[in-house]
Amino acid sequence: MRVIAKSTLKKFWEQSAYNDAQEPLESWYEEAINSAGVSPQAVKNQYRNASICGNNRIVFNIGGNQYRLVVEMQYRAGIAWVKFIGTHAQYDKINAETVNEY
């Protein structure tokens, strides 16, 4: 799986308020790039706490559910586009199916 873009994740964890997100985001990234992720079920099998949404979006719980990561999956192309990373409270203010903050 190709993840676009790690720089978005890095930009997030480099903020002093979110530097505790670095390790869990790097772990998620490494798992994702080594994942087949060819279908929603394959993703769900690997990440049991992931939420499958409409518009090919998946929401991942990061750092013990402290952060939410929204990606748009292009299964045939093997691409995961990072669309949002934020705290649980920030996530509550967005629509995971349409957000495109990054």
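Cβ separations smaller than 6 Å between residues 6+ apart or across chains give no pair from the range 1-20 residues that are free of Cβ contacts under 8 Å to residues at least 60 places away in the same chain to residues that are in a strand (DSSP E or B) and surrounded by 12 or more Cβ atoms within 10 Å (Cβ to Cβ). Taking residues in the range 81-102 that are surrounded by fewer than 19 Cβ atoms within 10 Å (Cβ to Cβ), and partners anywhere that are of a type in the set (S, T, N, Q), the pairs with Cβ atoms closer than 6 Å and at least 6 places apart or on different chains are 97/55; 102/8.
Residues in the range 70-80 that are touching a Lys or Arg at 6+ places or on another chain (Cβ under 9 Å) and not in a strand (DSSP E or B) were compared, and the one that is least open to solvent (accessible area, probe 1.4 Å) is 78.
As for the range 50-69, it holds no residue that is at pLDDT below 95, more than 12 Å from the chain's Cα centre (by Cα) and outside any loop (DSSP other than H, G, I, E, B).
Number of residues in the range 52-69 that are in contact with a Lys or Arg (Cβ under 9 Å, 6 or more places away or on another chain) and open to solvent by 40 Å² or more (accessible area, probe 1.4 Å): the value is 2. Residue 54 falls short on exactly one of the conditions (1) within 25 Å of residue 93 (Cα to Cα); (2) touching a Phe, Trp or Tyr at 6+ places or on another chain (Cβ under 8 Å); (3) among the small types (Gly, Ala, Ser), and that condition is (2).
The values are calculated or read from the model by the stated rules, or taken from the named source; none is laboratory data. Model, not experiment: these values are computed from the prediction. Every residue, glycine as well, gets a Cβ built from its backbone with ideal geometry; the counts of neighbours run over all protein chains shown. All accessible areas refer to the heavy atoms of the entire protein, side chains included, with ligands and DNA or RNA removed. Shrake-Rupley method; radii C 1.70, N 1.55, O 1.52, S 1.80 Å.
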